[in-house]
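Reading through the structure tokens given below for one structure.
The values are calculated or read from the model by the stated rules, or taken from the named source; none is laboratory data. As the structure is a computational prediction, the values presented were derived from the model and not from experiment. Ideal geometry is used to build each Cβ from the backbone, glycine not excepted, and the neighbour counts take in all protein chains shown.
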Amino acid sequence: MRKRGSRSIYMPVHRRRKGREKANMYSKGTKRKFSDGVDNKAVAASYSLQRQSLLDMSLLKLQLCHMLAEPNLCRSVLIANTVRQIQEEMAHDGSWQVVTEALGGSGHGPSDRLVDTEVLCQSLEQQDGGPRLYSVMGYDGCREEEVVTDKALCSVVVGDRSPALLLGTIGHCWDRGELRVEDGVSKDSGMGDEEGTRSGEGAKMATGQVFGTFEIKNGAPGSDPALEELFSDVDASYYDLDTMLTGMQSAPKMGPYDFLDSLASSHGSVSNSSCRADLNELDHIMEIIVGS
Amino acid sequence: MCKADIISTVEFNYSGELLATGDKGGRVVIFQREQESKNRPHSRGEYNVYSTFQSHEPEFDYLKSLEIEEKINKIRWLPQQNAAHSLLSTNDKTIKLWKISQRDKRAEGYNLKDEDGRLRDPFRITSLRVPVLLPMDRMVEASPRRIFANAHTYHINSISVNSDHETYLSADDLRVNLWHLEITDRSFNIVDIKPANMEELTEVITAAECHPHQCNVFVYSSSKGTIRLCDMRAAALCDRQSKFFEEPEDPSSRSFFSEIISSISDVKFSHSGRYMMTRDYLSVKVWDLNMENRPVETYQVHEYLRSKLCSLYENDCIFDKFECCWNGADSAIMTGSYNNFFRMFDRNTRRDVTLEASRENSKPRAILKARKVSTGGKRKKDEISVDSLDFNKKILHTAWHPKENVIAVAATNNLYIFQDKIN
């Protein structure tokens, strides 16, 4: 079981190249240029886009597994584990990203989705040469706290919004499945599977720790519709891994739209725009594959 | 290029005289080494086709509505016990034992039947004669002697003959079975990692092998980069391993692809039985069986691919399963890479070489030139840049002669055999 505490997303790049070698056989789309110095926000946003792209790719691969006559179990398991990993991380810090984007206004459009694949494979450490420090806007006096987060990407560079809002949002708006956010040395966080045994301690922010141990239960549905919209990206039951894995074993052949249907139905009444957008995208891809 | 001709397994027999290949079309082709002869002094033991037969046919599983591929996943030779040769070949579901026998003489001059085979009229027989053996064109025939079927729900990835020469194991994604070579209607299940709830499945078996000398010991590797050594004397079901080999992860290099590239694609014991070698996506590791917490040697096969993992994930190359092999003396190891490159590592001198298996670059009896992949900014002459590598040309299967420096390299649908140069 991998230790959750030490987890870096990026792979180290062998820096034997002088300057940034642009030639990349597999580069997709446009290259993003880093602004002067390393901008936390830019890095975080581009990373999160890459991560999303990787998630989409993985889901598509899993979907195609259903199509093949002979699903390769090893490959499916590895892809499913990757998806799980991404989801865990998104749940862990994806919400912070949403906060950033909502409050700071990242302004990154869909055209920025395609970035140099190298970004995802780079070690975050290597860009700075040391462990990353992220500043987190505290509350009760706008005190900035520096936090070493074990290389987990959770840049929360809050704009000039009031910290009270941040506090408020952390407190009681996580109603998308269960999320247990723990500090670096603890175990895995479940993805809607584990029952919380720890009592919810609320959003306490101890010095030196970004995440306290608060537990977010399946609480009352959206107390605030605006905040629901805010966290629409953070849907723990977004992708029903169970459905996919079960489907792989029991129903070897799913029709082209079965997967999409199961995906849609598993969310029930939760409607979020990004989910629908992705479904539409999958739909579109399916049409191309099926050739209709 | 015909897809059915893609070679899917390569294996020398115990003496090295025979070399078997299996392909995607379910065929087995066996090569035999020519004896050195005086009139052809330069052809030092060339390998020529000895026998070809269709081992497996495509099948259809009506229950699951799935086609069962006829691709030969593995071939393993049995030790030779008489004039005939025997091997085990397997596809995803069924293992077959084939006996390959040859006839190069025929008897002539029977008393009771004439040359056409018709019975002679007894009244016509006036004298007795002793039939004589006359040479004939060599005829090799392969016949299936045993069929070991219906024991695997998942795809078989490994078979391994035990050192007792009586049993063998077969492994699929979730289970390992033990068979007796004579008994086809049942097998013992010795490892089962299938979870009660398939939704909880996070790890599969990727390879398994019997120990070369201890018939009670075997190992199996997993998709999480771990190897478990089991002793069959401990329990009927070897769910609890005797030894657990895992290298601690380097936290600085962790990424979303860490698990995928740590998945072990092949595990091979050394001939001595003291070491074992594992192949994961980027490296080959040699383990001392007495030390579980880390390998004793690690060799980077194509480290320059580490920064391309995202792309390799996209085009599925990251799931390629490379094999590895030892030389007879356990002093060198070999494994394949992309662009028809294969790598050899000398364990003693720590030297390594990259060679290419391609028609353009190797004329018969020409010396192979060492290749290099340039990773720096400046590409030297004769070097190939990472971006120019052909990822469709992958060498997944290689084999080393058990005694001599002869290697067999399968490059898609071509088989290359290289030998040490003699002066």
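Report whether or not residue B:196 is within 14 Å of another protein chain (Cβ to nearest Cβ), assigned to a strand (DSSP E or B) and out of contact with any helix residue (DSSP H, G or I) (no Cβ under 9 Å at 6 or more places or on another chain). When the stated conditions are applied, residue B:196 does not pass them.
One residue stands out in the stretch B:47-80 among those that are touching a residue at least 60 places away in the same chain (Cβ under 8 Å) and surrounded by fewer than 17 Cβ atoms within 10 Å (Cβ to Cβ): the one that is farthest from residue B:152 (Cα to Cα), namely B:80. Only one entry in B:349, B:354 is more than 14 Å from chain A (Cβ to nearest Cβ), surrounded by fewer than 20 Cβ atoms within 10 Å (Cβ to Cβ) and part of a strand (DSSP E or B), namely B:354.
Of note, residue B:276 satisfies the criterion of being at pLDDT 95 or above and either in contact with a Leu (Cβ under 7 Å, 6 or more places away or on another chain) or crowded, with 21+ Cβ neighbours inside 10 Å (or both). Does the stretch B:263-271 include one or more residues that are free of Cβ contacts under 8 Å to residues at least 40 places away in the same chain and either surrounded by fewer than 22 Cβ atoms within 10 Å (Cβ to Cβ) or touching an Asp or Glu at 6+ places or on another chain (Cβ under 9 Å) (or both)? Scanning the stretch B:263-271 turns up no residue that is free of Cβ contacts under 8 Å to residues at least 40 places away in the same chain and either surrounded by fewer than 22 Cβ atoms within 10 Å (Cβ to Cβ) or touching an Asp or Glu at 6+ places or on another chain (Cβ under 9 Å) (or both).
Per the listing B:187, B:160, the residue uniquely free of Cβ contacts under 8 Å to residues at least 40 places away in the same chain, buried (at least 16 other Cβ atoms within 10 Å of the Cβ) and touching a Phe, Trp or Tyr at 6+ places or on another chain (Cβ under 8 Å) is B:187. Cβ contacts < 6 Å: first residue over 18 Å from residue B:22 (Cα atoms), restricted to the stretch B:82-104; second residue part of a strand (DSSP E or B) and of a type outside the set (A, V, I, L, M), any location; separation 6+ or different chain. Result? Listed pairs, sorted by first residue: B:84/B:99; B:84/B:101; B:102/B:138; B:104/B:138. Among the residues making up the stretch B:370-401, those that are free of Cβ contacts under 8 Å to residues at least 24 places away in the same chain and either touching a strand residue (DSSP E or B) at 6+ places or on another chain (Cβ under 8 Å) or in a strand (DSSP E or B) (or both) are B:370, B:372, B:374, B:379, B:380, B:382, B:383, B:385. So for the stretch B:195-206 (the condition being crowded, with 22+ Cβ neighbours inside 10 Å, closer than 27 Å to residue B:327 by Cα and under 20 Å from the mean Cα position of the chain (by Cα)), does at least one residue qualify? Checked the stretch B:195-206: at least one residue is crowded, with 22+ Cβ neighbours inside 10 Å, closer than 27 Å to residue B:327 by Cα and under 20 Å from the mean Cα position of the chain (by Cα). Please indicate, with yes or no, whether at least one residue in the stretch B:404-420 is out of contact with any strand residue (DSSP E or B) (no Cβ under 9 Å at 6 or more places or on another chain) and either more than 14 Å from every other protein chain (Cβ to nearest Cβ) or surrounded by fewer than 20 Cβ atoms within 10 Å (Cβ to Cβ) (or both). No, because not a single residue in the stretch B:404-420 is out of contact with any strand residue (DSSP E or B) (no Cβ under 9 Å at 6 or more places or on another chain) and either more than 14 Å from every other protein chain (Cβ to nearest Cβ) or surrounded by fewer than 20 Cβ atoms within 10 Å (Cβ to Cβ) (or both).
May I ask you to verify whether residue B:319 is over 22 Å from the mean Cα position of the chain (by Cα), within 8 Å of another protein chain (Cβ to nearest Cβ) and aromatic (Phe, Trp, Tyr)? It is false that residue B:319 is over 22 Å from the mean Cα position of the chain (by Cα), within 8 Å of another protein chain (Cβ to nearest Cβ) and aromatic (Phe, Trp, Tyr).
When residue B:238 is tested against (1) surrounded by 21 or more Cβ atoms within 10 Å (Cβ to Cβ); (2) of a type outside the set (Val, Ile, Thr); (3) in contact with a Pro (Cβ under 9 Å, 6 or more places away or on another chain), only condition (3) is not met. Return a yes/no flag: does the stretch B:132-148 have any residue that is exposed (fewer than 12 other Cβ atoms within 10 Å of the Cβ), more than 14 Å from chain A (Cβ to nearest Cβ) and not in a strand (DSSP E or B). Among the residues of the stretch B:132-148, not one is exposed (fewer than 12 other Cβ atoms within 10 Å of the Cβ), more than 14 Å from chain A (Cβ to nearest Cβ) and not in a strand (DSSP E or B), which makes the answer no.
Filtering the stretch B:373-397 to residues that are more than 14 Å from chain A (Cβ to nearest Cβ) and either exposed (fewer than 15 other Cβ atoms within 10 Å of the Cβ) or of a type in the set (Gly, Ala, Ser) (or both) leaves B:381, B:382. Just one of B:156, B:95, B:125, B:147 is of a type outside the set (S, T, N, Q) and more than 23 Å from residue B:189 (Cβ to Cβ); which is it? It is B:125.
Residue-wise test of (1) closer than 21 Å to residue B:348 by Cα; (2) part of a strand (DSSP E or B); (3) of a type outside the set (D, E, K, R); (4) within 8 Å of chain A (Cβ to nearest Cβ).
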site: B:248; (1), (2), (3), (4): no, no, yes, no
site: B:252; (1), (2), (3), (4): no, no, yes, yes
site: B:264; (1), (2), (3), (4): no, no, yes, no
site: B:273; (1), (2), (3), (4): yes, no, yes, no
site: B:276; (1), (2), (3), (4): yes, yes, yes, no
site: B:284; (1), (2), (3), (4): yes, yes, yes, no
site: B:293; (1), (2), (3), (4): no, no, yes, no
site: B:299; (1), (2), (3), (4): yes, yes, yes, no
site: B:313; (1), (2), (3), (4): no, no, yes, yes
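Any residue at all in the stretch B:316-326 that's assigned to a loop (DSSP other than H, G, I, E, B), aromatic (Phe, Trp, Tyr), in contact (Cβ under 8 Å) with a residue 40 or more places away in the chain and closer than 21 Å to residue A:74 by Cα? Looking for residues that are assigned to a loop (DSSP other than H, G, I, E, B), aromatic (Phe, Trp, Tyr), in contact (Cβ under 8 Å) with a residue 40 or more places away in the chain and closer than 21 Å to residue A:74 by Cα, one finds at least one in the stretch B:316-326, hence yes.
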